[in-house]
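Encoded as structure tokens, the structure appears first; notes follow it.
The values are calculated or read from the model by the stated rules, or taken from the named source; none is laboratory data. Every value quoted in this text rests on a predicted model; they were computed, and no experiment measured them. With ideal geometry, Cβ positions are generated from the backbone for all residues, glycine too; neighbour counts draw on all protein chains shown.
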Amino acid sequence: MLKKLILILLLSFPVVLLAQNNTLTGNIYDNESRATVLQGATIKNLNTKTVTLADKDGHFAISAKIGDLVSFGMAGYQTDTVYLTNLFPKNVFLRMFVNNLKSVDITSTKVSPYLDAKDPNAMPARRVDYSKERGGLRLNLGYGKYRREQAKIQELEENDKYQEEINKNFNEEYVKSMVKFEGPDIKDFIGLYRPTVEQVKAERPFNYAYYTVKAYHTWLKLPPDQRKLPALPKLKAN
């Protein structure tokens, strides 16, 4: 009887080991106290889109394999993304999200002399007043050009903000930290796969880690002649 029990355990051990090889386990803590568990933290496999939550003890288990990207996040905390090189149990420590606003000291002011300048092309405002008998509305016209100019300025400022974010998060140092990139081709890679403002705006917050790894694998599949930025056309001399 004892021999049969031992035989059953030996036969079932490889099955258990195989199941563990496809599962990532661990615990999630607050980075400040290092002991406070984060119940309800979200764990997401970015490759398979599988999502799970940490239990009351901060423990989690999610289906994963080596090479997957797994993100850990929770409201009020910064999201952490890990590229799996093994499936050993992991202790994850999340930092609280802090929005530091820099103070600005105003020591003097300068008023532009052009603030009171009139636009020579501006049309005077006119009021259209329809009476109740005519079933109309009262409208103030004449500020359409001003609104369009303000909207354009706001759009340019917003575009500059996203460009600054992309420069900060998608550069040579960041790419090398995410993938094993060697050689001078990294400049061509960044030029070819730099995310656009539309891409970054469409997914907030934008996952630069997942995008970089995915773009790198796409770049590896390209023929060598297509991994280069196209040469700039030469200017003809007068």
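Could you look through the stretch 212-223, keep only residues that are under 16 Å from Leu46 (Cα atoms) and free of Cβ contacts under 8 Å to residues at least 24 places away in the same chain, and pick out the one that is surrounded by the most Cβ atoms within 10 Å (Cβ to Cβ)?
Top of the filtered list is Lys214.
Here is a list of conditions, (1) exposed (fewer than 12 other Cβ atoms within 10 Å of the Cβ); (2) at pLDDT 85 or above; (3) among the charged types (D, E, K, R); (4) more than 27 Å from Pro223 (Cα to Cα), and Lys152 meets all of them except one; can you say which number that is?
Failed condition: (2).
For the stretch 51-76, which positions are of a type outside the set (Val, Ile, Thr), within 22 Å of Tyr211 (Cβ to Cβ) and more than 22 Å from the chain's Cα centre (by Cα)?
Answer for the stretch 51-76, where residues must be of a type outside the set (Val, Ile, Thr), within 22 Å of Tyr211 (Cβ to Cβ) and more than 22 Å from the chain's Cα centre (by Cα): just Lys65.
Name the single residue that is surrounded by the most Cβ atoms within 10 Å (Cβ to Cβ) among those in the stretch 21-42 being of a type in the set (Gly, Ala, Ser) and not in a strand (DSSP E or B).
By that ranking, first place goes to Ala41.
Just give me the residues in the stretch 43-78 being surrounded by fewer than 16 Cβ atoms within 10 Å (Cβ to Cβ), on the phi < 0 side of the Ramachandran plot and assigned to a loop (DSSP other than H, G, I, E, B), in sequence order.
Thr48, Thr50, Asp55, Lys56, Asp57, Lys65, Ile66, Ala75, Gln78
Sort out which residues of the stretch 143-183 are of a type in the set (A, V, I, L, M) and over 15 Å from Tyr211 (Cβ atoms), and write them in order of number.
Ala151, Ile153, Leu156, listed by residue number.
Exactly one condition in (1) surrounded by fewer than 11 Cβ atoms within 10 Å (Cβ to Cβ); (2) touching an Asp or Glu at 6+ places or on another chain (Cβ under 8 Å); (3) modelled with pLDDT of 90 or more is false for Ala202; which is it?
(2)
Please tell me if Val98 is aliphatic (A, V, I, L, M) and at pLDDT below 85.
yes
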